[in-house]
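Below is one structure, written out as structure tokens; comments come after it.
What follows draws every value from the coordinates through simple rules; no lab data is involved. Keep in mind the model is a prediction, meaning the values are calculated, not measured. We place every Cβ from the backbone using ideal geometry, glycine too, and count neighbours over all the protein chains shown.
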Amino acid sequence: MERKMAPSLMCIDLMNIEHDLRLLEKAKVDYLHIDIMDNHFVPNITLSFDFIHGLRKITSIPLDIHLMINNPENSFHYLKNCNPEDIICIHYEATTHVHRALGMIKDLGAQVGIALNPGTPIGVIEDLLPDLDSVLIMTVNPGFAGQKLIPSTLDKIARLRNMLDESGYQNILIEVDGNVSFENAKLMHEKGANIYVGGSSSIFHKESSIIENCHKFREIIYS
């Protein structure tokens, strides 16, 4: 089973970002997770499309772009320079024409992802499975770092893994985002998660260095 680390750049030290990016490169993380928020779909504003363009100039780590914005298809023109390893993930709840939007992501040349809020049942994506490379399960309500895990989302991960496997879509990866601490990552791993968005409670935890945290995180998800 594939397991990948995706540090959340919402939690990086923006005043020292290039220094910390070099540490993440040294730690051989798999993705850089970038949250784009519009203060409408979620009550916050974080990183931007200009931030993405800047990142591409200073690192070759694939990008995991998480669009927490209404009608994301209206903003895809900002993402024309995607690499095949990049993921663009939109929320099921954010657009009326979700199938069309997923097709537009594929046309950009990126991996196609869809995110589900804690209150959104996994069954809504049943007819979208042929178009997906990954499904992101929000294990907190989106919008802010530092929240506590919603316990019922652990069972949701397991139910999604079963649904994908039984439907013949074992290749679709499950991503988890929200309080992916060292302790919770172990539980998510046991439920079948593949991509782990690590933030302030793991990869960017202040008690140890980024390198040490990544090493500890990798040991957990590969155990």
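Could you size up the charge dipole of the range 25-85 around its Cα centre, putting +1 on the beta carbon of Lys and Arg and -1 on that of Asp and Glu, and report it in debye to the nearest 20?
Rounded to the nearest 20 debye, it is 240 debye.
Calculate the FRET efficiency for His40 and Asn83 from the Cβ-Cβ distance with a Förster distance of 35 Å, rounded to the nearest 0.05.
The formula returns an efficiency of 0.80 here.
Suppose the chain between Glu126 and Phe49 were pulled fully straight at 0.36 nm per residue; how much longer would it get relative to their current alpha carbon spacing?
Stretched fully, the Glu126-Phe49 segment lengthens by 24.7 nm.
Please find the FRET efficiency linking Arg56 to Glu166, where r is the Cβ-Cβ separation and R0 is fixed at 41 Å, and quote it to the nearest 0.05.
0.60
Highest mean first, how do 212-223, 55-66 rank when packing is the count of other Cβ atoms within 10 Å averaged over residues?
Listed from highest to lowest mean packing, they are 55-66, 212-223.
With a point put 7 Å past each Cα toward its Cβ, work out how far Asn74 is from Glu212 in nm, to one decimal.
4.7 nm
In whole angstrom, how long is each semi-axis of the equivalent ellipsoid of the range 1-131, when you take the square root of 5 times every eigenvalue of its Cα gyration tensor and sort them from largest down? Mind dumping the intermediate values first?
Numbers: eigenvalues 123, 53, 43 Å².
Semi-axes (√(5λ), whole Å): 25, 16, 15.
State which helices in the chain qualify, where a helix is a whole DSSP H run, it must extend 18 Å or more along its own axis by its Cα atoms, and its mean Kyte-Doolittle hydropathy must be at least -1.0.
Qualifying helices, which must be both long enough and hydrophobic enough, are 152-166.
With charges only on Cβ, +1 for K and R and -1 for D and E, what is the dipole size of the chain about its Cα centre, in debye, rounded to 20?
The dipole of the chain has a size of about 320 debye.
If the chain between Glu2 and Glu190 were fully stretched, how many nm would it gain, using 0.36 nm times the residue separation less the Cα-Cα distance?
66.4 nm
Rg and Dmax of the range 66-192, Cα atoms, in Å?
My reading of the Cα-based Rg and Dmax gives 14.2, 39 Å.
Any idea which of His91, Met68, Ser223 is furthest toward the positive side of the dipole for the chain, if Lys and Arg beta-carbons carry +1 and Asp and Glu beta-carbons -1?
The one lying farthest along the dipole's positive direction is Ser223.
Just name one of Gly199, Leu24, Leu129: the one whose Cα is farthest towards the positive end of the charge dipole of the range 4-221 (beta-carbon charges, Lys/Arg +1, Asp/Glu -1).
Looking along the dipole axis, the top candidate is Leu24.
Assuming a ≥ b ≥ c are the square roots of the Cα gyration tensor eigenvalues, decide whether the range 115-175 counts as rounded (a/c under 1.5), prolate (otherwise, with a/b larger than b/c) or oblate.
prolate
May I have the extent of the alpha carbons of the range 4-221 along their three principal axes, as whole Å values ordered from largest to smallest?
Principal-axis extents of the range 4-221 (Cα, largest first): 43, 37, 31 Å.
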